[in-house]
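Below: one structure, written as structure tokens.
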Amino acid sequence: MLPTGLLYGLGAAGAWGLTDISSALAGRRVGSLRVFVGAQSVGLAVLVGLAILQSVHPFDIPPATFLYVIGLGILGGVAYLTFFTALRIGPVAVVSPVVAAYGGLTVVLSVLFRGETLEPLQALGAVLATAGIVMTGVVLDGGLRSIRLRGAGVAFALVALTTFALATVGTAGPIKEHGWLEVTLVSRGADVVFALSIFVVIVRRAPGWARSMVETGGVVDRRGPLLVVLTGLLDVAGLISFTIGLEVAETWLVGLSSSFGPAVAVLVAVLFLGERLRPIQWIGIVVLGAGMLAITVG
């Protein structure tokens, strides 16, 4: 039987893999800043609804922890904004696996700052899984020399992977102590306030080059808002699975398995969209599978 943390992480990966696709499509129609604000707001609305149904009171969290979680929410906002911007600029085939490497960084940070430990076989599995994730998302039309990790899209992706990993490790403690919904609601609330503030600043005061990074230059596609809502629903579904996992399982395992999103997106494309994998992507899936097996056995 698969470990609990792996199951919740895979649930998040499935939802976030589809989020990659919907957010990239939405960002190219309405701009990544609008996707950021809209998707985060949709997610917050879902969380507020759950809190009302379950009579959750986030203000019962101690003040110091409450402020700490707000800070983590802002950090998460930076992660989402840079992530959506990276997907809009692209190429998605490079950007998505770069960001997905946050799983490997989460493992390292969990060991260093949370004192979590891995068995040798689990550590090997973590390395293999991270390598497999990256290889699965890489497209090599011109051979190894065609890979170029440069450009604005990749720069934003590097910021996103770092901030996602830091936010994951930072929220694990409060979630285990005070509950996933309470902490997630406060964090996402701060995230939305941050998103709205950035929107106002960029729209009103930012220079043209900054606006061009997060906005589209043409008329907003009428399908864009629907894609934004879909992105928000997929993202919050992944967030719920992810944060429940952080509450009940090891941070490193949930963080690593949740980063399998690009592999999920690739498999969906093959199974349902008739796409074909390149050799390195097949190798990546095999390596990823070997990593998952090592983690499960370990």
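So residue 124 clears everything in (1) modelled with pLDDT under 85; (2) more than 16 Å from residue 101 (Cβ to Cβ); (3) open to solvent by 40 Å² or more (accessible area, probe 1.4 Å) except one condition, right? Which one? So the condition that residue 124 fails would be (1). Here the condition is being within 28 Å of residue 256 (Cβ to Cβ), crowded, with 17+ Cβ neighbours inside 10 Å, of a type outside the set (S, T, N, Q) and modelled with pLDDT under 90; of 47, 33, 18, it holds for 18 alone. In the set (1) more than 15 Å from residue 169 (Cβ to Cβ); (2) at pLDDT below 85; (3) within 16 Å of the chain's Cα centre (by Cα); (4) open to solvent by less than 10 Å² (accessible area, probe 1.4 Å), the condition left unmet by residue 40 is number (2).
Please list, ordered by residue number, the helices (runs of 4 or more DSSP H) wholly in the range 28-124 having 3 or more residues that are under 21 Å from residue 246 (Cβ atoms).
32-53, 63-89, 102-113
Of the residues contained in the range 56-67, none is found to be open to solvent by 30 Å² or more (accessible area, probe 1.4 Å) and under 23 Å from residue 222 (Cβ atoms). For the range 213-231, does any single residue satisfy the condition of being buried (at least 18 other Cβ atoms within 10 Å of the Cβ), over 18 Å from the mean Cα position of the chain (by Cα) and modelled with pLDDT of 65 or more? Within the range 213-231, one or more residues are buried (at least 18 other Cβ atoms within 10 Å of the Cβ), over 18 Å from the mean Cα position of the chain (by Cα) and modelled with pLDDT of 65 or more.
The values are calculated or read from the model by the stated rules, or taken from the named source; none is laboratory data. The structure presented is a predicted model; accordingly, all values stated were derived computationally and were not measured. In this analysis, Cβ positions are derived from the backbone assuming ideal geometry, glycine residues included, and neighbour counts consider all displayed protein chains. To get the accessible areas, we keep the full protein, side chains included, count just its heavy atoms, and leave off ligands, DNA and RNA. Shrake-Rupley method; radii C 1.70, N 1.55, O 1.52, S 1.80 Å.
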